[in-house]
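**Student:** This structure is in structure tokens; I'll ask about it shortly.
Derivation of every value follows stated rules applied to the coordinates shown; laboratory data play no part. None of these values were measured; they are calculated from a predicted model. FYI the Cβ positions are ideal-geometry reconstructions off the backbone, even for glycines, and counts take in every protein chain you see.
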Amino acid sequence: MTLVLPEWLLIAADRPAQRSWGVRVVGDVIDEVGPRDQLLASYPDDDVVDAVGHIVMPGFVNAHVHLYGTLAHGIPPVAGDGPDDFWSFLEDYWWPKVEDALDLDMIVAATDYVCAEMLRSGVTTFYDILEAPNALPDALLAQKEVVERRGMRGLLSFEATERAGPGIARLGLEENLRLIDACDPAGLVGGIMCWHTTFTCSADYITEAFALAGDRGVMSHAHVNEGVHEGRWAEERLGARTVEFYADLGVAGPRFLASQCVQLSQRERELLAELEVRVSHMPLANCEVGGGIALMPELIDAGVVVGLGSDGYVNDFYEVMRGAFLLHKARLQDPGAMPAETVLHMATEAGAQALGLEHIGRLEPGWSADLQVVDASFPTPVTAHNIADQVVLWRNHSDVRDVMVAGNWRVLGGEVLDADLDQLRARTREQATRLWKAG
Ligand SMILES: [Zn+2]
């Protein structure tokens with residue numbers, strides 16, 4: 001039994017912060033929250049983690065990451081002019097230079113390094129999407145081993161696709177199933193069924209994947225309208241826009257996570273809300289690929305559950321939060337758009353909901369003991385009314401002191417336990433060099 005006793009306790013994004021409150025952790029869950037003195041008096045024999053001068057708040061949920069994406073940071077540009085739209089970004093660069101050239105050693109190195117990097121920035125749960133057609137089979141099982149060793153809560157998936165022929169298409173679905181079947185439902189690692197998009201997967205293939213997910217009681221996931229390309233393609237080739245097509249197919253619903261959702265029609269936005277489709281938002285990566293700015297405040301107002309993700313681009317979750325916090329204010333010319341509390345909610349509980357996970361993202365009794373201890377020495381006073389703004393705007397990964405996942409400390413004093421970051425980084429750089437030569 002452990003008492004974690006900070007200066008400020010942020011139980012959840014939608015609750016006022018409590019000064020001099022703490023949490024009691026028993027096993028892998030939060031047992032009790034309350035005033036510091038009361039907890040100390042009630043549980044004199046518990047271990048005490050003193051976090052005076054710090055904020056304790058829920059761990060982050062990175063609802064969409066490509067762990068292997070790190071290997072592509074700074075990759076030499078493609079010959080010629082380089083990608084000039086989203087389609088050529090995929091076809092001329094991302095597929096041939098990165099995803100098709102990935103092998104197991106590269107994937108394992110990136111997984112290990114990025115898991116440590118995410119832990120360091122307060123992320124306790126993540127959802128990874130791997131597309132590496134030439135690393136099949138066994139890529140997901142290799143990743144599972146790494147994530148379990150790091151002690152993170154990770155949902156893994158392979159982005160199944162028909163773009164590389166029927167053999168790879170089959171292997172992709174099987175890879176997801178083998179991972180899902182290999183995971184202990186009570187464990188930290190699980191699986192999600194995943195296919196790429198409507199422009200690389202047929203209706204029959206998507207229907208089959210969705211049914212297989214239903215059989216196993218797991219969520220399904222696809223990238224949806226990351227730029228203007230997919231919606232237009234679907235209109236021309238399928239006679240309906242992407243979300244309309246998914247609705248007709250019976251896929252769009254609460255068991256479907258539609259990530260990106262950058263370029264939606266009015267009708268598609270209405271359908272996401274009506275059918276309770278889950279959504280994840282990647283503000284910084286949307287900028288990177290020139291996809292546009294997703295209408296997330298509008299979707300949230302319509303009642304859609306929206307999580308936040310790094311997309312494997314900038315993985316420091318404080319940076320990702322700032323992207324979500326600032327981008328929509330500029331677009332809407334409204335400083336009140338996307339308040340810090342909403343961003344924190346997306347980064348915690350809503351992210352877990354988007355992934356179909358329960359009792360994750362709040363520090364309430366019975367909820368998972370996934371938390372972070374963050375330095376609270378700001379140059380201006382912290383108050384209950386400004387704490388969300390202080391955290392979202394003025395903290396970085398380097399301010400995270402300790403991180404707990406399911407009752408176990410994974411970061412202490414800013415050090416990721418059992419991880420030599422220099423060595424993990426060096427191994428990743430070695431594998432990135434191989435990838436750059438291979439692609
Ligand atoms: Zn993505």
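**Student:** In whole Hz, what ³J(HN,Hα) sequence does region 391-396 give by Karplus (6.51, -1.76, 1.60; θ = phi - 60°), x for Gly and Pro?
**Tutor:** Here the 3J(HN,Hα) series is 5, 5, 8, 10, 10, 9 Hz.
**Student:** What is the projected area of the convex hull of the Cα atoms of region 1-155, averaged over all directions, in nm²? Can you show the working numbers first?
**Tutor:** Values: hull surface 49.0 nm².
Answer in nm², one decimal: 12.3.
**Student:** Listing Arg425, Arg120 from the residue with the fewest other Cβ atoms within 10 Å to the one with the most, what is the order?
**Tutor:** Arg425, Arg120
**Student:** Can you tell me the mean projection area, over all orientations, of the convex hull of region 261-335's alpha carbons? Units nm², please.
**Tutor:** 4.9
**Student:** Could you give the distance between the Cα centres of region 123-175 and region 49-100, to the whole Å?
**Tutor:** That distance is 16 Å.
**Student:** Ok, one more. Go ahead and estimate [θ] at 222 nm for the chain from helices alone: -39,500 (n - 2.57) per DSSP H run with n ≥ 4, summed, over the residue count, rounded to 500.
**Tutor:** -11000 deg cm²/dmol
**Student:** Okay, next question. Give a residue-ordered list of calculated ³J(HN,Hα) values for region 182-195 (Karplus: 6.51 cos²θ - 1.76 cosθ + 1.60, θ = phi - 60°; whole Hz; x for Gly, Pro).
**Tutor:** Calculated HN-Hα couplings, in order: 7, 8, 7, x, 8, x, 7, 9, x, x, 10, 6, 9, 10 Hz.
**Student:** What area, in nm² and to one decimal, does the C-alpha convex hull of region 97-250 cast on average over all directions?
**Tutor:** Mean projected area for region 97-250: 9.5 nm², to one decimal.
**Student:** Also: Helix 203-216: angle to the longest alpha-carbon principal axis of the chain, degrees 0 to 90, nearest 10?
**Tutor:** Rounded to the nearest ten degrees, it is 30.
**Student:** Right, another one. Select from Val382, Val277, Val243 the residue whose mean-square fluctuation is largest in a Gaussian network model of the chain (Cα-Cα springs shorter than 10 Å).
**Tutor:** Maximum fluctuation in the GNM of the chain, among the listed residues, is at Val382.
**Student:** Right, another one. For region 125-132, what does the Karplus curve 6.51 cos²θ - 1.76 cosθ + 1.60, with θ = phi - 60°, yield as ³J(HN,Hα) per residue in whole Hz, taken in order and with x for Gly and Pro?
**Tutor:** Karplus-based 3J(HN,Hα) across region 125-132 equals 10, 8, 10, 9, 10, 9, 10, 7 Hz.
**Student:** Could you give me D for region 109-164, from Stokes-Einstein at 20 °C and 1.002 mPa s, where the hydrodynamic radius is the Kirkwood radius over C-alpha pairs? Units µm² s⁻¹, please. Intermediate results must be reported in sequence, preceding the final value.
**Tutor:** Details: Rh = 11.9 Å.
For these conditions, the coefficient is 180 µm²/s.
**Student:** Quick check: residue separation of Ser398 and Ala182 times 0.36 nm, minus the Cα distance between them. What number comes out in nm?
**Tutor:** So the chain would gain 74.2 nm between Ser398 and Ala182.
**Student:** In whole Å, what is the distance between the alpha-carbon centres of region 230-295 and region 318-374?
**Tutor:** Comparing the Cα centres of region 230-295 and region 318-374, I get a distance of 21 Å.
**Student:** Give me Ser368, Ser265, Ser202 sorted ascending by neighbouring Cβ count inside 10 Å, so fewest comes first.
**Tutor:** In order of increasing Cβ crowding within 10 Å: Ser202, Ser265, Ser368.
**Student:** In straight Cα distance, which aspartates and glutamates are under 13 Å from Lys97, not counting same-chain residues fewer than 8 positions off?
**Tutor:** Partners found: Glu131.
**Student:** Rounded to two decimal places and with Rh computed the Kirkwood way over Cα pairs, what is Rg over Rh for region 297-439?
**Tutor:** Values: Rg = 17.6 Å, Rh = 17.4 Å.
My calculation puts Rg/Rh at 1.01.
**Student:** For a quick check: with amide H placed at 1.01 Å from N, whose amide H comes under 5 Å from Val48's, ignoring anything fewer than 5 positions away on the same chain?
**Tutor:** HN-HN under 5 Å from Val48: Leu3.
**Student:** Moving on to the next point. Compute a Gaussian network model of the chain, connecting alpha carbons closer than 10 Å, and tell me which residue from Ala406, Ala211, Ala330 fluctuates the most.
**Tutor:** Top of the fluctuation ranking is Ala330.
**Student:** Compute the semi-axes of the equivalent ellipsoid of the chain, taking the square root of 5 times each eigenvalue of the Cα gyration tensor, and list them largest first in whole Å.
**Tutor:** For the chain, the semi-axes come out at 35, 24, 21 Å.
**Student:** Next question, about the same structure. Using a Förster distance of 41 Å, how high is the FRET efficiency between Ser202 and Lys329, based on the Cβ-Cβ distance and rounded to 0.05?
**Tutor:** 0.50
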